[in-house]
Each structure stands twice: as C-alpha cells, then as structure tokens.
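Take a look at the structure below.
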Amino acid sequence: MTRLPAGSFQLMKSLNRSLILNTIRKDGPISRADIAKKTQLTPPTVSNLVNELLETNLVIESSQGESKGGRKPTMLIINAKNFYIIGLDVGAKSIKGVLANLNADILNSVSLSLSHPLTNALFLNQMDEVVEQLLANTSAYNSDHILGIGVAMHGIVDVTEGASIYAPSLQLRDIPIKAHLEERFKMLVKVENDARALALGEAWYGNGMDISSFMCINIGYGIGAGIIIDGKLHHGDDFLMGEIGHMTIDPDGPVCSCGNSGCLQALAAGPFIAERARKRITEGQESLLAEMVSDLEDITSELIFQGAKQNDALCIDILKEAGTYLGIGITNLIHIVNPSLILLSGGVTKAGHFIFDSLRETVKARGLTEKAKQTKIEEAKLGEHGTAIGAISLLLVEMFATQNR
Ligand SMILES: [Zn+2]
C-alpha cells in the first residue's frame, strides 16, 4: 500500500505536520503522548495530524511501547524502507546513480562514463539513461514509491532554478537539469553543487549529524566545500559560497585552472600534487616514483601516497606541503566561519596522516584562539557513494525540514 507521492511535498508544508514528522524521524519509535510533550502541541492536534500522516503511509504504527501502567501506547515510526529516492552524482568523467530508501540504504547503483565532447542535449540524454537504468532495475519496487530525484552536480549550480550555471570540467553552461528531468520523469527534482550536496549528506547520515555548524571539504580533482551554519546549508548571494578551492594562498604560486595564481586548489588538489612531483623529479630529485611509472605523466596523487608509505622522501615532502597549504586555507575558513567541526573527504584524504599531521599542525600554529587551534578536523563518514547520498538528502530536506536541514 502506498499513497504518498502526488502532492506530498505540499502536504508537508504545514509547519505542525512537518514538526511531528521530524519528531518521529529523530525520536521514533515514539508514542502520540510523547510527541505532544516534545512538540508542545495539544494531544488532539497531534492525534489529528498523526492520522493524516498515517494516511500518507510515510508514517506507520510499529510494535507497542512500554506501558507506564494502563494500556500500552502504540508507537510511530517513519516507513523508511518503503519509499525511495534516486540520487545522481555528476562528476567530470561520469554520472553515478543510486536508488536508496529513506535510511540511505543503497538498493541499486549505476555508473555511466561521460563521452566528450558534450553538448547540453547529449549530457541530459546521458542523465536520462542513468535514471532509466535505475528504474529498469527497480521492477521489484513500485515506482510510485519513489519520492523524487536529487542531483549533485559538478560546478556552479543555481539551486532555485535547478540549473547548472557553469560546469567547467564538462565545458557546459546553463543546463536546465530540473526542468528537463521533471518533464521527462514526472517527479520532483532538486539540484545542488556536488560538494554542497556531500555536506548535506554528512548532516543527514554522516559525521555531521546533530552538529549545528560544520564544513565538509572535498579534496580531489578540485577543492570545494559545503558550509552548514545553524543547521542550514548556505549558498551566498549567487551560489558561490564554498568555492574555497579558489581562495588565494600564495600570490606567487602556480597558475590555477581559473586563471589566477596560487589558489588553494592549485597547491593541494590531486592533479597539482602530481604535477609538483613531476617537476621535482625533472629538476633532478630522486624518487621511487621514477621507477613506478614508465612515463612521468602517469604520476597520480594515489601513486604519491603509495610512495610515501614506502618511505620515499619526495612523496612524503609533497604530501606534507599539501597538508600545510590545506591547513592555511582551513585556518582562514575557521576565522571566517568558526565551525565546531571540519570534515574532509575525497581522494587526497586517502593519504591519511601524511596529509592530516601537517594540516593539523598548521591550524594549531595559526589559529587565533585556543579553541580555533583545537577545531576538530576529521574524515567524512560517507565513502564512495557520499555525494549520491548527499543528492538523496536534497529530497529529505523538502520532505522533513522544519529547520531548513
Ligand atoms: Zn583558482
């Protein structure tokens, strides 16, 4: 039995209904009486609204709770395993799609390599294909149970329009993702920048749960962040908030893909770390890397990490330097945003203590106050599918948010 999708998001726009739904999500299994206590709504109001939620089937009655004398109360839970969301993670090279339930258990996943050169139309076709494959593999579940599609998109995204403003690695601009997918699949679609989506995923399912102000920084091919303040993901005036990869760290540093010199990204992202290793070897420094590849062009940040584990001095130095640059960038961010936690994600974090040690030392040396120096810096929790889970969270915000989470 399912009833939810048609008009369901409008249904939750009632503040009290949404408040009750969120209480059940966070504290379920929970009785009607305890919901009334927690929300300070009157028992008849709770009873009426719970009946409406039971009608949608998004809330169900679970096994009975402990009685404090008298009749055992009926407990309420979210029917998380019976509703699904599609999440897409669009990167420079591929589109990864997942179908997950509301607990973020992944039931299906699909990956499609993007063939370049692309046009907006070709790109949207490939996106359709990923969704179609997920739906085709989903015959066991009724597609009526799917609440919508969340898209975590590389580049700058207009989250209001659900459009990609600029996707530098795809060389595309002004892609009407939301309009296209909603027309094609008749479902609600939400679009967000990939790093911002990942931060949201960490807030809903990862190490950012119940943390009111934190940042999640993704360090891979580029560097981007999602900034959550007072439980809300922020975008700034024109969707640029979190583009920390282009923070200037060294005006005399290497030229970045954006054209400026010495951006954080140009000093610490994967391809630039590899480039620095190549340069040092060409200049005559000895390294195991020279034996690990037949062509210096094949050096990657992953190989540098392997070299460091084998005690190669050049590899260790390069990772340490990357950690120092990241530490400078992160100290700047601590002084601007003052979060209680910073989560790091992405390929470069695989270098573990080779990067984290110098990063933390730098923050400790440069932070303005003792608390700033001690800001918690940890690895993000969601692994390989983190960004896609972030995409899924975009729909949860629509469904559950009372505090804009
Ligand atoms: Zn830049």
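The values are calculated or read from the model by the stated rules, or taken from the named source; none is laboratory data. As the structure is a prediction and not an experimental result, all values here were calculated from the model. In this analysis, Cβ positions are derived from the backbone assuming ideal geometry, glycine residues included, and neighbour counts consider all displayed protein chains. Side chains are part of the model used for accessible areas, which takes the heavy atoms of the whole protein and leaves out ligands, DNA and RNA. Shrake-Rupley method; radii C 1.70, N 1.55, O 1.52, S 1.80 Å.
Annotations
- Per residue, the chain exposes 46 Å² of solvent-accessible protein surface, assessed with a 1.4 angstrom probe and all protein chains in place.
- The smallest convex shape that holds all Cα atoms of the chain, its convex hull, gives 169 Å³ per residue.
- For K320, net neighbour charge (Lys/Arg +1, Asp/Glu -1) across residues whose Cβ lies under 10 Å away: -4
- Rg/Rh ratio calculated on Cα atoms of the stretch 142-228 (Kirkwood radius): 1.02
- Peptide packing for 336-347, 278-289, 320-331, 236-247 was compared via the average number of neighbouring C-beta atoms within 10 Å per residue; ordered from the highest value, the list is 320-331, 336-347, 236-247, 278-289.
- Partners for K38 among lysines (Cα-Cα distance below 18 Å; same-chain residues under 8 apart left out): K26, K68
- Proximal aspartates and glutamates relative to K381, as straight alpha-carbon distance under 13 Å, when same-chain residues fewer than 8 apart are discounted: E202
- Count Lys and Arg as plus one, Asp and Glu as minus one, and take only other residues whose Cβ is under 13 Å from that of Y166; the net charge is then -3.
- Whole-percent carbon and sulfur share, accessible surface of the chain, 1.4 Å: 48 percent
- Three principal axis lengths of the stretch 218-314 [C-alpha, angstrom, descending]: 49, 28, 19
- P(r) histogram, all alpha-carbon pairs of the stretch 214-379 included - 10 Å bins from 0, percent: 11, 39, 34, 13, 3, 0
- Taking Lys and Arg as +1 and Asp and Glu as -1, the other residues whose beta-carbon sits under 12 Å from that of R184 total -3.
- Rounded to 0.05, the FRET efficiency of the Q310 and A179 pair, given R0 = 56 Å and the Cβ-Cβ distance, is 0.65.
- Structure-based [θ]222 nm, the chain - -39500 (n - 2.57) summed over DSSP H runs of at least 4, per residue, nearest 500: -12500 deg cm²/dmol
- According to the Kirkwood relation over distinct C-alpha pairs, the hydrodynamic radius of the stretch 160-300 is 17.6 Å.
- Relative to the dominant Cα principal axis of the chain, helix 386-400 is inclined by about 30°.
- Acute angle (nearest 10 degrees) that the helix 43-56 long axis makes with the longest principal axis of the chain, alpha-carbon atoms: 70 degrees
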